[in-house]
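Just so it is clear, none of the values below were taken in a lab; they were calculated from the coordinates. Computed from a predicted model, the values in this text were never measured in an experiment. As a convention, Cβ positions derive from the backbone with ideal geometry for all residues, glycine included, and neighbour counts pool all protein chains shown.
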Amino acid sequence: MVCTDELSKAKKRGEDVSQNSLTFWPDVAFRMILVVILVGATMWISAAVYPKGLGALADALNKAHYIPAPAWYFFGVYQMLKYFPGYLDVLAMVGLPLIFFAVLFALPWLDRNPSRKPRKRPVALSVAGVIMAGLVFLTYQGMASVPKALADNGVITHPSFKKDIEPVFQSQCLTCHGSTNSYALDNYTNVIKIDIIPGNSDGSKLIQKLEGTVKPQMPLGQEPLSPDQIKTIRNWIQDGAKNN
């Protein structure tokens, strides 16, 4: 086996590499300690001068306008969960992250090329590029899919699906009824497939579920929709459940 690293090449040329080398202790170790101290001090001073929280404080009483969305650094996982049915959510939350870290851990064995030049490290750079592109894509998709804030408009006589109905489903229902199950509520096409009878709100099972006359009452595990919200959905169904 022929060694191709720079140290072996220098020795073959007969160069005395010790003249241009530093010992790890204390030279290199001292420099590393100094850099860690400087970076730590900079972060501490920045946090003290420009304090910034990770997000808005939780308000357990703000149920009427609660928007279920994770912190920005979890948007990738938040979006990835939408690609897996409920029985596969463990794979998305545990399995794939484990595979990700396993690949990172194995990179030194997968690509043993000692060269530091990017063009000579195609395997490592390709894997890293694919992973980073995937994380960026998932994060962007997750940010774009955050439910819209609900407007407190009372009862709307002739509601619009896009303006008045869809935000209610997005805010209150998508936690369980995402895009991967048979009762998805993430867009008009999926909403209209569920138990809705256009022009007949009393006969629509959706209304019965929201009002609790058919158990379990929806949204499951959360506060029921307000009477104004249910009445607005009733009015939309009575108007023909249009995609307006």
*Mind running the shape call on the stretch 161-238? Use the C-alpha gyration tensor, a ≥ b ≥ c as the square roots of the eigenvalues: rounded below 1.5 for a/c, prolate if a/b tops b/c, oblate otherwise.*
rounded
*Estimated FRET transfer efficiency (residue 50, residue 137; beta-carbon r; R0 25 Å; 0.05)*: 0.25
_Test of understanding: what is the full-extension gain from residue 104 to residue 31, defined as 0.36 nm times their sequence separation minus their Cα-Cα distance?_
23.6 nm
*residue 116-residue 157 pseudo-label distance in nm [points 7 Å out on the Cα-to-Cβ vector]*: 7.5 nm
*In terms of modelled amide H atoms, which long-range or inter-chain residues lie less than 5 Å from the amide H of residue 195?*
206
*the stretch 116-126 - phi-based ³J(HN,Hα) in whole Hz, Karplus 6.51/-1.76/1.60, Gly and Pro as x*: 9, 6, x, 5, 9, 10, x, 5, 4, 5, 5
*Amide H contacts of residue 156 (H built 1.01 Å from N, under 5 Å, at least 5 apart or other chain)*: 232
*Provide the per-residue ³J(HN,Hα) series for the stretch 227-244, in order, calculated from phi with Karplus coefficients 6.51, -1.76, 1.60 and θ = phi - 60°, each as a whole number of Hz, with x at glycine and proline positions.*
x, 5, 5, 5, 5, 5, 5, 4, 4, 5, 5, 4, 6, x, 6, 7, 8, 10
*Sequence-distant residues sharing a close amide H with residue 241 (under 5 Å, placed H)*: 199
*Using a 10 Å cut-off on Cβ atoms, rank the peptides 196-209, 39-52 from the highest mean neighbour count down.*
196-209, 39-52
